[in-house]
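First up is the structure itself, then whatever we jot down about it.
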Amino acid sequence: MISKSNNVENINNNNSNICRECLTIGRIAPDFTAITTEGPITMSQFRGQWVLFFSHPGDFTPVCTSEFISFAQLYPEFEKRNVQLLGISIDSNPSHLAWLYNILEFTGIKIPFPVIADRDSVIAAMYGMVNPDRIYEQTVRDVFIIDPTQRIRAILTYPATNGRNMYEILRLIDALQVTDEFKVNTPANWMPGDPVIIPYPNTFDGLLERANNPDYEDANCVQWYLCYKDLPIEEIENPPSRIEEGL
């Protein structure tokens, strides 16, 4: 007879194994080879570009269809930011092709990015896109924003019932790219063109230097740890479009 304590221990061990396998921000995106609607691809072939890797629950479903239409309509904005879109679900490649053709038929919109067929859920499981309880044999709405070094910079998860806000995804990409280019942070509700935050000092001497210098880096310092400054738009290599109308 198995004791209750043994059951609890087994559950805890299983949870620990799941946690060790979880992908987190800062880790390198696992490489893979996959069949897509545009032919075979690998994740590593996109090194040097940003990648928006996203899963959808299923082909021929209403919320997913609305998302793909929106991704396609905003595709030029992603291209402007050097972002490669890459979709995935556990549907077959013929199903993907039929669905994309159906979208083209009734909207006139051609989906301009590859969609991975992951029938055995190997890639979805690798990225934690399938609920471990496997109540439903489908992927959730995960988004992985991966930088040009193939490092995961952001992870978003939405339920199957609710579509993603593409404008918020673009805003987050803008924020990450501005952070990388200028070594700054972005405040709550930041939009391209808004003031950014200078990272707080890591030493006490740095704290005193900032606290005793009201004109520190021409910034507006509310507190020694909270200093805003403007970024000259002409210094930004690829100025992003403003996207407030979509938020």
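What the table below lists for this structure:
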item	result
FRET efficiency estimate (nearest 0.05) - Cβ-Cβ, ARG151 to ASP205, R0 25 angstrom	0.20
Label-to-label distance, nm, for residues given as GLU217 and THR61 (7 Å Cα→Cβ offset)	4.4
Cβ-based net charge around LEU104, under 15 Å, with every Lys or Arg adding one and every Asp or Glu removing one	-2
Semi-axis lengths (Å, descending) of the ellipsoid that matches the C-alpha gyration tensor of the range 56-203	31, 19, 13
Cut-off under 5 Å, modelled amide H: who pairs with GLN84 long-range	TRP50, VAL51, LEU52
Summed residue charge, Cβ within 11 Å of PRO94's Cβ, Lys/Arg positive, Asp/Glu negative	-1
Residues whose placed amide H lies under 5 Å from that of ALA154, excluding near-sequence neighbours	ILE145
Cβ-based net charge around LEU156, under 14 Å, with every Lys or Arg adding one and every Asp or Glu removing one	+1
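Taken together, the values in this text are just the output of simple stated rules run on the coordinates, not laboratory data. Keep in mind it's a predicted model, so treat the numbers as computed, not measured. Don't worry about glycine lacking a Cβ; one is built from the backbone with ideal geometry, like all the others, and counts go over all protein chains shown.
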